[in-house]
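Report on the structure given below.
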Amino acid sequence: MSILQYKWLLIFLACRHVQADLRVSTQDLTVPVNGQNTYQLYLTDELSEDVTILIEAQHIDLVRTEPSSFLITRENQTGNWTITVLGLSAGYVTLSSNVTPSTNIIFSDAYVRVIVEKSDVLYHVSAVVGWVYFLAWSISFYPQIYSNYKRKSVVGLNFDFLSLNIVGFIMYALFNCGLYWIPTVEQEYFSRYPKGLNPVQVNDIFFALHAVFATAITILQCFIYERGNQRVSTTARIIHGAFAIFILISIILSLLDTITWLDFLYYCSYVKLAITLIKYVPQAFYNYKRKSTVGWSIGNIFLDFTGGTLSMLQMILNAYNYDDWESIFGDPTKFGLGFFSVAFDIFFIIQHYVLYRRGFATRRSAVYFSMSCFQGSSRVHETAWRLS
């Protein structure tokens, strides 16, 4: 009988010390400069004592809250408490809720990430620009695929570029899919960045998987259509071997719990960044050796140029709207890669329309002359398709 009474006593004491959670209605809030927005605080359970809630801003020069603190008593702890956020200056800030005393309340999730923007119009313009460059990059693969199909030839398309491209997009797809779809990896990310957002969105996954698919179709064309004496160079094979060893070591370290799987995915993204820096070089050099851009689709370049330019424009718009120039100058990797790609696109355009324009015109003239002299020959028609 005494044991039963002891159990009931433990249950009673446990009920007396149930911890309540302090929650927020949203953890992401956008506020205009000189404007305001609101969110709600609420409790998941009743408290056994009075507590004081203090709202603290990471940067006090960006926002002000009303109220900045308030008291929750045992007699008045039902419903929601509305917090008004006033925007003072553009930027990013985190609002945290601190509780005193904190014995019977959990408030680690009671924070809000606030974006203070200069203009809502700029926000929508940036969103439109983002979708346009996303579409431009997504369809940029198809002019080359169509050109290969029309010519029934891949002569002029550098195989080193293709091989680097497929590996880069596979690494990019692994990073996006792993961080978005694997719960343990996502939890590792939030453990490392408790108040961060998952950087991978659905459109990132779609673009990566679609890029792998489109590049694989282009590679398949290399086995079907005429390719001349082209092959993947020894230099490219050595580069692929180095990447393969790096990824294999990373997998082994992840299996041995030396590094986390999140770190492995970051290493995959580093491989993608490295490939982005070097993948255009083989095609540019190949055009230079041939003194021609025939077989290398200029439509692909225009779309890639459009996507890269708009991507950098969006970064500049966001940097101005949120007064976040450090995202460009403090960590120039993303902006630098976009600029590097656009610079190569401009170089390809110069190769196509300036440097090797004469060679291109000469080839076409030779084809038309042959067609006029030997009209009706199937071999001539085939040659015309390949060189046009």
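The values are calculated or read from the model by the stated rules, or taken from the named source; none is laboratory data. Quick caveat: nothing in here was measured; it's all calculated off a predicted structure. Positions of Cβ are generated from backbone atoms using ideal geometry, with glycine treated the same way; all protein chains shown enter the neighbour counts.
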Residue list for segment 60-77, filter: in contact (Cβ under 8 Å) with a residue 12 or more places away in the chain, of a type in the set (S, T, N, Q) and surrounded by fewer than 17 Cβ atoms within 10 Å (Cβ to Cβ): S68, S69, T73, Q77
Criterion: of a type in the set (A, V, I, L, M, F, W, C) and free of Cβ contacts under 8 Å to residues at least 60 places away in the same chain - qualifying residue of I245, I239: I245
Lone unmet requirement of (1) modelled with pLDDT of 95 or more; (2) over 22 Å from N287 (Cα atoms); (3) crowded, with 17+ Cβ neighbours inside 10 Å for L179: (1)
Lone qualifier among V232, V185, V200 - being in contact with a helix residue (DSSP H, G or I) (Cβ under 7 Å, 6 or more places away or on another chain), touching a residue at least 40 places away in the same chain (Cβ under 8 Å) and within 30 Å of L135 (Cβ to Cβ): V185
Residue match in segment 147-163 (condition: part of a helix (DSSP H, G or I) and closer than 30 Å to Q36 by Cα): no
Yes/no for D204 being surrounded by 14 or more Cβ atoms within 10 Å (Cβ to Cβ), at pLDDT 95 or above, closer than 24 Å to L337 by Cβ and acidic (D, E): no
Count of residues meeting criterion [modelled with pLDDT of 85 or more, over 18 Å from N34 (Cα atoms), surrounded by 15 or more Cβ atoms within 10 Å (Cβ to Cβ) and in contact with a Leu (Cβ under 8 Å, 6 or more places away or on another chain)] in segment 78-112: 6
Conditions (1) surrounded by fewer than 19 Cβ atoms within 10 Å (Cβ to Cβ); (2) touching a Leu at 6+ places or on another chain (Cβ under 7 Å); (3) small (G, A, S): number failed by A173: (1)
Condition check for W137: loosely packed, with under 15 Cβ neighbours inside 10 Å, outside the structural domain of Y266 (by TED's automatic domain parsing) and part of a helix (DSSP H, G or I): no
